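Engineer: Have a look at this one before I ask anything.
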Amino acid sequence: MLGLNLQQIEYIVAVDNYKQFTVAAEKCFVTQPTLSMQVKKAEEQLDIVIFDRTKQPIVTTLLGQKIVDQARKILHAYNRLEEIVLEESGRIEGELTIGIIPSLAPYLLPLFVGDFKRDNPLVSLSFKEMITEELINALEHDLLDAAILVTPLEHKGIVEKPLFYEDILIYAHPEHGLYQSKNLAVGDLDSNGLWLMDEGHCFRSQVLNLCAVQDEMRKDLPLHFESGSLDTIRKMVDAEGGYTLMPGLAAAELSFELHKQVVEFENPIPVREVSLVYSRSFYKKMLLERLAQAIVSNVPEEMLEKERGHVVEWR
């Protein structure tokens with residue numbers, strides 16, 4: 001690549017990822033002057049401008065983006081070399097940085113993380129909680145190895161590996177009409193008394209799609225309140241009335257008394273498809289396979305059956 005070395009290629013990708021030379025330098029464990037000098041030298045060698053430094057945050061030029069895209073491919077190919085050696089030796093080691101959506105993280109992670117670490121002691125595992133659009137952006141810029149989120153995404157360049165199918169349930173205040181409902185169908189829902197997660201959360205979109213209502217149609221609530229926490233929404237139902245929808249893993253953690261307020265749908269039940277997703281160019285396939293196995297082995301067995309319900313899309 002016209003004399004560019006691997007270090008320069010790494011720095012170029014880092015600047016494109018973080019849009020700041022100081023942050024890119026921190027992530028690459030070098031000083032900012034060192035990184036800036038090497039990126040400038042790469043631009044001179046290529047005789048192009050990769051980054052427009054007059055903008056804050058820094059903007060990658062159109063031609064520069066083509067260079068960055070190719071640089072990512074080179075880094076992936078280089079990193080794949082070590083993975084090939086590990087696969088042939090049978091050693092399970094390395095690092096994984098996984099993104100996960102907030103409506104899954106507190107309920108799913110405790111189910112499998114302990115087993116995964118015990119079975120794979122040489123794997124360093126870290127998780128970052130983000131909403132779906134942030135996760136997709138992070139995957140595209142190689143800031144994450146993979147993500148656990150709700151699909152289908154049908155996003156170019158992203159591989160989806162379905163793991164399980166989580167029930168969508170109703171959590172209703174004892175004075176709400178849905179509390180004593182039997183043989184409840186999805187069509188019986190409306191916006192009266194409905195509490196929602198805040199914008200950006202895929203579960204909010206699934207609830208709106210399932211209830212066939214729009215934000216502005218909600219009514220009969222004592223106040224307008226949105227939260228990124230399912231637990232907070234549930235407590236608002238307890239305090240102020242109404243109802244909300246709740247994923248199965250969250251409902252499973254409720255006490256015996258609180259579980260009396262959970263109402264199930266009749267068959268076919270609405271479910272959300274939970275998948276492990278990653279970039280098509282991702283190279284740590286062996287580690288991801290181990291991660292997927294750990295998750296599938298620790299969720300309720302009935303959630304592995306797609307046929308028992310219908311998948312509610314969120315887009």
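Engineer: Given H placed on each backbone N at 1.01 Å, which residues far from Met246 in sequence or on other chains put an amide H within less than 5 Å of it?
Structural biologist: HN-HN under 5 Å from Met246: Leu169, Ile170, Tyr171.
Engineer: Oh, and also: Mind scanning Lys66/Lys284; Lys73/Lys161; Lys73/Lys284; Lys73/Lys285; Lys27/Lys55 and naming the pairs with a C-alpha gap bigger than 18 Å? Don't skip to the answer; put the middle values down first.
Structural biologist: Numbers: Lys66/Lys284 25 Å; Lys73/Lys161 22 Å; Lys73/Lys284 14 Å; Lys73/Lys285 16 Å; Lys27/Lys55 21 Å.
Over 18 Å Cα-Cα: Lys66/Lys284; Lys73/Lys161; Lys27/Lys55.
Engineer: Using the charge dipole of region 51-153 (Lys, Arg: +1 at Cβ; Asp, Glu: -1 at Cβ; taken about the Cα centre), state which of Ile136, Val123, Tyr107 has its Cα farthest towards the positive end.
Structural biologist: Checked the options; the winner is Ile136.
Engineer: Can you pull the percent of the chain's accessible area that's carbon plus sulfur, 1.4 Å probe, other chains left in place?
Structural biologist: Values: 7880 of 15630 Å².
Taking all protein chains in place, the chain shows 50 percent carbon and sulfur surface.
Engineer: Under a 1.4 Å probe, what is the accessible area of region 236-307 per residue, stated in Å²? List each step's numbers first, then the result.
Structural biologist: Details: 3290 Å² over 72 residues.
Dividing the accessible area of region 236-307 by its residue count gives 46 Å².
Engineer: So, taking all protein chains as they sit and a 1.4 Å probe, how much accessible area belongs to Lys128, in Å² rounded to tens?
Structural biologist: 90 Å²
Engineer: Here is a further query. Before I look further, what does region 1-110 give for accessible area per residue, probe 1.4 Å, in whole square angstrom?
Structural biologist: 54 Å²
Engineer: Which far-off residues, 5 or more places away or on another chain, put their amide H under 5 Å from the one on Asp190, with H placed in the peptide plane?
Structural biologist: none
Engineer: Sticking with this structure for a sec: Using Cα pairs closer than 8 Å and at least 6 residues apart in sequence, work out the relative contact order for region 1-52, in percent.
Structural biologist: On the way: 36 pairs, mean separation 18.0, N = 52.
Relative contact order of region 1-52: 35 percent.
Engineer: Given (i) 23.7; (ii) 15.7; (iii) 19.3 as candidate values of mean projected area of the Cα convex hull in nm², which corresponds to the one derived from the coordinates?
Structural biologist: (iii)
Engineer: Distance between the C-alpha centers of region 254-274 and region 127-195? Whole Å please.
Structural biologist: Centre-to-centre (Cα) distance: 14 Å.
Engineer: For region 143-193, what does the accessible surface come to per residue with a 1.4 Å probe? Please give it in Å². All intermediate terms of the calculation are to be shown ahead of the outcome.
Structural biologist: On the way: 2160 Å² over 51 residues.
So region 143-193 comes to 42 Å² accessible per residue, rounded to a whole number.
Engineer: Okay, next question. ³J(HN,Hα) across region 304-310 via Karplus (A = 6.51, B = -1.76, C = 1.60, θ = phi - 60°), whole Hz, x for Gly/Pro?
Structural biologist: 7, 9, 5, 5, 6, x, 10
Engineer: Same structure, new question: Return a whole-number percent for the relative contact order of region 1-155, with Cα pairs under 8 Å and 6 or more residues apart as the contact set.
Structural biologist: Computed value for region 1-155: 19 percent relative contact order.
Engineer: Could you pull out every residue, at least 5 positions away or on a different chain, whose amide H is within less than 5 Å of the one on Leu149? Hs are placed 1.01 Å off N in the peptide plane, and Pro or chain starts have none.
Structural biologist: Here Ser275, Val277 satisfy the definition.
Engineer: Less than 14 Å Cβ to Cβ from Asn137, Lys/Arg counted +1 and Asp/Glu -1: what total charge do the surrounding residues give?
Structural biologist: -2
Engineer: For the chain, what does the helix formula give at 222 nm: sum of -39500 (n - 2.57) over DSSP H segments with n ≥ 4, over the residue count, nearest 500 deg cm²/dmol?
Structural biologist: Mean residue ellipticity at 222 nm (helix-derived): -13000 deg cm²/dmol.
Engineer: Could you give each residue of region 69-85 its phi-based ³J(HN,Hα) in whole Hz, using Karplus coefficients 6.51, -1.76, 1.60 with θ = phi - 60°, and x for Gly or Pro?
Structural biologist: Residue by residue, region 69-85 yields 4, 5, 4, 4, 4, 5, 5, 4, 5, 5, 5, 5, 4, 5, 5, 4, 5 Hz.
Engineer: Continuing with the same structure: Among Leu288, Gly228, Leu189, pick out the residue whose Cα is farthest towards the positive end of the charge dipole of the chain, where Lys and Arg carry +1 and Asp and Glu carry -1 on C-beta, about the Cα centre.
Structural biologist: Leu288
Engineer: Next question, about the same structure. When only Cα pairs under 8 Å and 6 or more residues apart are kept, what is the percent relative contact order across the chain?
Structural biologist: Relative CO of the chain lands at 22 percent.
Engineer: Once phi is turned into ³J(HN,Hα) by the Karplus curve 6.51 cos²θ - 1.76 cosθ + 1.60 with θ = phi - 60°, what whole-Hz value does each residue of region 100-107 show in order, with x for glycine and proline?
Structural biologist: 8, 6, x, 7, 10, 3, x, 9
The values are calculated or read from the model by the stated rules, or taken from the named source; none is laboratory data. Keep in mind that this is a model prediction, so the values were computed, not measured. When we count neighbours, we look across all protein chains shown, and the Cβ atoms used for this are built from the backbone with ideal geometry, even at glycine. Only protein heavy atoms, including side chains, enter the accessible area calculation; ligands, DNA and RNA are left aside. Shrake-Rupley method; radii C 1.70, N 1.55, O 1.52, S 1.80 Å.
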